Each structure stands twice: as structure tokens, then as C-alpha cells.
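Enquirer: Sharing a structure below in C-alpha cells format, with a few things to ask.
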Amino acid sequence: MIEPGDSRRGIRFLVSAAALVLVIGGIYQARTAMESSLIAVFLAMLGTPPVLWLERKRIPSVVAVLLVVTGMVAILLILGAIAAAAITNFYHELPAYQARLQWHVAELQAFFASKGIRGMDQVLLQIVNPDKALSLTPSLLAKLGSASKYILLILLTVAFILFEASSFPVKLRAVLGDPRQAFPEFTRFYVDIERYVVIKTLVSLATGVLIGAWLFILGVDFPVLWGFLAFLLNYVPSVGSSIAAVPAVLLALVQLGIGPAVLATAGFMAVNFILDNVIETRLMGQKLGLSTLVVFLSLVFWGSLLGPIGMVLCIPLTMTLKFACENNKGTQWIAVLLGPEAPAESIPPVPKRRRNA
């Protein structure tokens, strides 16, 4: 027999599921605006520590924000110019790489034919297709050009967020009617998010510099481009570093041979292991509060919902979702599922159902 309480819980679950589907659909439809907003929030988190530091040095808030935003503009212009120049040069050299790649494919075909293995030419052409690489670079340049349309809007949003950063707690206390109200849980959550963004940025920057320097030592063409790619993709958890290694190692193989390609692979593995698995883990500790499975699933979910920006920001977005669930009694179980393994004593017992007389 179905009890009234069970029926109400079932109705609430269906309503919540329907609302969740509507919210996800709305986010997907408005993903262009969401991407710009998320980039602005990401840059604002990077800019908040220097703004607060300048304010502690008794520099006016307006001047501090303008200095930080100006610094961001300068860095973005420098990185954009370097990346555009490297991609353009790489595009001009692609025909030569295409010829070398076809020569290597012909050698492999001859090798397999000498061993009596037939039909490998079609397989090799499917695995290594220079035409795909040739069409990828113009599309990448087009995407960079379209992204530049939103830079002004993003920077203005960053400036407004930074202007409001120091006064937001005061406004929240005024709304609550208590000028001494403290927000320890929210403060801890914001500090964890900001800590993750800052540490991840520094580690990604070190990764890009070391990868670029190593490829330059090996003599691989366009080391700045591959270092920049390693810097960007290092934000993507689990798979970003591996994806960044593929084009650089492939170019080393085509340009220099098997030996340098193996050394390039070893360099990627060493840098990623030391920086990601040792230094980054030690700096962050257990601050993420997310299980390994949730990190991977969040990468898939936010990536499919918001594209590359969702893949980059999947960890902060999932941490925000976990924080929201933790502070609602009805959704605390979701926060437990998103978090790491919980000790058995922290899980509340399931209440026994009373039987009807």
C-alpha cells in the first residue's frame, strides 16, 4: 500500500526533475551568453586578489580596478598576438608537413607490404589525414576572430564585478539587517574556488613554459604554439594534458623522427606528472571535495552543455553545485554523492517505515 508521504515525495521528485530539465535546456539555449559570463567570472576571480591587495595599500578602489583590468588587457593582447602569429605561421608550413607525412605513410605502406600485410593504406589514411589538419587551422583562426567580438563585453563585466567585490558583503549584511553578520560557509566556499582558479592558472602557466622550452630544446617547430596549447588545455581535467601532447608529438615525429618524438612524449609526461600530480595536488590538498568519478562526469556534462568553456570550468561549476546542495536539507544527499568517500559513521541511518495496524 502506498502511503501519502511516499506519494508526496514522488510528486516532489517529478516536479524537481522537470524543473531541472527546463533549467538545463535554458542553459543550453543561452550557452553563448553563459560562456561570456563564465569567462568574466573566471577573470574576475583572478583579478580579485590583486585588487584587494592594492586596496590594502590604500590605493582607491577605482584606480585599483582600472590597473588590474588594464593589466588583463595587456596580457590578453600579448597572448593573442603570439598565438595568432604562431597559428598563421603553422598554417603556411602545413603543405610541407603534409608532404613529409605522406612520405612517412608511403614508407609504412611499403613496410607492411614487405611483411605481406595488405590493405593498410586505407587504414593509415584514416588515422593520419593531412587534409583534416589543413582544414582545422582556418576554422581555429575563425573561432579566435569570433571570440574577439566578446572581449570588450567580457572586460566590462569583469570591471563591474571587481567594483562590487569589496562591497558585496556589506550589501548582504544590509539585506539581512545585521551589520555584524558573518558568512563562514560562503567565505570558505569562495576562498576554495578562488584558490583553485589561481593555483590552476599558475600550474598551467608553468606547464606551458616548460613544455615550450623543452620542445624548443628538441628543435620542434613552433614551440610557442604548443606551449600555449598546453597552457590552455591544462585547465581541462583528466584529458587536457594528453590532448595537448598529440599535435606536438606528431609534429616531432614528422619533422625529426622517432627519437625526438619519444623525447617529446617523455617531456610531456614528466612535466604533467610533476606539476599536476605532485605540486598541484600538494598545493590544493583536499580542497576540491569531489570524487574522481564526479570530476570526469562533470567534464563530460559541462563540456556537452557549454562547450570548451564548460570543460575548462567544470570543476568550479561542480563545486558551486555541491555548495548549493549542501545548504539545502532536501538536496544534501546530492552533495554527499558529489563529494569524496564519506565515512560510514557520517551517513545517517535510514528511518524504518511504520506499518499500518
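Enquirer: At 1.4 Å probe size, put F216, F186, F42 in order of accessible surface, largest to smallest.
Expert: Numbers: F216 150, F186 90, F42 35 Å².
Result, largest first: F216, F186, F42.
Enquirer: If DNA, RNA and ligands are ignored and the probe is 1.4 Å, what is the ranking of Y196, Y190 by accessible area, most exposed first?
Expert: Details: Y196 15, Y190 75 Å².
The ordering from most to least exposed comes out as Y190, Y196.
Enquirer: What does the accessible area of W226 come to, in Å² to the nearest 10, when a probe of 1.4 Å is used?
Expert: Estimated to the nearest 10 Å², W226 gives 10 Å².
Enquirer: Follow-up. With a 1.4 Å probe and every protein chain left in place, tell me how much accessible area T187 has, in Å² to the nearest 10.
Expert: In the full protein context, T187 sits at about 70 Å².
Enquirer: Please compute the volume of the convex hull spanned by the alpha-carbon atoms of segment 203-319 and report it per residue in Å³.
Expert: Working: hull volume 11.1 nm³, N = 117.
In segment 203-319, the Cα convex hull volume per residue is 95 Å³.
Enquirer: In the full protein assembly as shown, how much of E194 is accessible to a 1.4 Å probe, in Å² to the nearest 10?
Expert: Accessible area, nearest 10 Å²: 30 Å².
The values are calculated or read from the model by the stated rules, or taken from the named source; none is laboratory data. Because the structure is a prediction, the values reported are computed rather than measured. Side chains are part of the model used for accessible areas, which takes the heavy atoms of the whole protein and leaves out ligands, DNA and RNA. Shrake-Rupley method; radii C 1.70, N 1.55, O 1.52, S 1.80 Å.
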